[in-house]
Amino acid sequence: MDKTVSALMRCGVAFALSAVLAAGALGAPAAFAYAAEGNAADTPATGTPAPDAPAPEAPAPDAPSADGDATADGSGGGAASNSPSADDVPAKPAAKVATKVSGLNRTISKKPSGTIKDTIKVSPAGKRTVQLQLYNGAAKKWKTRATFTTNRAGKVTLKYPADWKKKNTTKWRVVVKAADTAKQYVSKTVQVTTYNRSTVKLKAKSAVIMEASTGQVFYAKAPDTKRQNASTTKMMTALLALERNKLSAPVAITKQAATTDYSNLGARAIGDVTTVKNLLYMTLLPSDNGAAEALAIHTAGSEKAFVALMNARAKELGCTHTSFKSPHGLTRKGHGSSARDLAKIARVALKNRTFAKIVNTKSYRFTTSRGNNYTMKTTNKLLGKTAGIRGVKTGYTDAAGHCFVGAFKYKGKTYLTVVLGSPSSDQRWSDTKALLKYVKKYF
């Protein structure tokens, strides 16, 4: 009996030990409650692992399952991860660069019989969409009137729709639409001017209508042809005298000034003294050559030095077809100006209040230090007789023909008119009135 029990106990221990080893291999807990009949010395306390059995390791809270498969809730088989792999992070889009446009003309002038084309280059290049937009002043909105596509090099020729032919001025802008790597571009305003909208019958060789505030030309006939321009020269003489002298400054009349051809100063004026102001009136109203000479000598010390100042000032004003040889405009080889240049000079001179006042005066008189009296009247036959006329200067020599630079105020704006080379004095005024009629028709 004892042998039988002993054998059974040995079998039970062997079986239990086999179970422990098997459980350890499978990673199951190695704690068991042995039978009460077991040897107390060989049996650990209930719930305590065997001394040599390693403690089971709990999975890390944030670690995904070993095979990397995500669970239905995206937890990766374990607790959710807060650190996605680099492959899962979307790439940050590259920043768009600014679009640039070169070659765009901001001011365009054209006759209505012509067409307007303007070639520009867009960068970054590639196939880019370009719009021409017209500004609607009444609605205060821009409206796309034409759409173009650049070539792969970024070039495109813009062809302006005929809308510009319907008005004196129209405002446009260029819009380059955004691309994958480039921002949208919107240009500053492009102003298109339609000039010579109708034919004006003139006998003058050259003519211009210029709006004074902008300098924009709306009518032109041989505007840049240099011609002898006679006493219209005196506008520059007066402008320089005003810029460089005080009106009250005394001026001693030299023999050279008093004896200048076609002057009313005469020999009695030699050594006499008057003021810059009086000589300005005498220069601009009756167009006295001696008075212009006196101002020149007083201002620069000599006629030659003054003429140098005249040409330098003309260059500053953007006069590209002008060369002065005297302060009065008597015919000299190489002396002359163009209709456009004379309008530019008048535009600046009229900004001087004293100049503007003098050329808008019909008559004037003064007395010199010796008591010599001078009474004068303007040579401008339209002043006081044609509404809106505010000056400016006549001119005549055989070489120049009959000339006139006028200032015409109409609907709040001032328009400068120039006629050069009219065949007679009466024709000079007829030509000027034809230009005024043009202004009234289109403005």
Sorted by chain and then number, the residues having a modelled amide H within less than 5 Å of the amide H of T320, at least 5 places away or on another chain, are none
Contour minus Cα-Cα span, R244 to T375, at 0.36 nm per residue, comes to 44.6 nm
Counting only protein heavy atoms and rolling a 1.4 Å probe, one gets per residue an accessible area for the range 272-422 in Å² of 40 Å²
Beyond 32 Å (Cα-Cα) in this structure, taken from K143/K433; K246/K362; K325/K411; K121/K171, we find K143/K433; K325/K411
Given a Förster distance of 22 Å, the FRET efficiency implied by the Cβ-Cβ spacing of Y442 and T386, rounded to the nearest 0.05, works out to 0.75
Taking protein heavy atoms only, a 1.4 Å probe, and rounding to whole percent, the accessible area of the range 91-244 owed to carbon and sulfur comes out at 47 percent
Residues of the range 182-198 with backbone N under 14 Å of the label point set 7 Å from the Cα of T147 along Cα→Cβ are none
In vacuo Debye sum over C-alpha of the range 289-358, base-10 log of normalised intensity I(q)/I(0) at q = 0.24, 0.27 Å⁻¹, listed in q order, is -1.23, -1.32
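The values are calculated or read from the model by the stated rules, or taken from the named source; none is laboratory data. Because the structure is predicted, anything quoted here is derived from the model rather than measured. All Cβ positions, even for glycine, are placed from backbone atoms using ideal geometry, and neighbour counts span all protein chains on display. Surface areas here come from the heavy atoms of the whole protein model, side chains and all, with no ligands, DNA or RNA. Shrake-Rupley method; radii C 1.70, N 1.55, O 1.52, S 1.80 Å.
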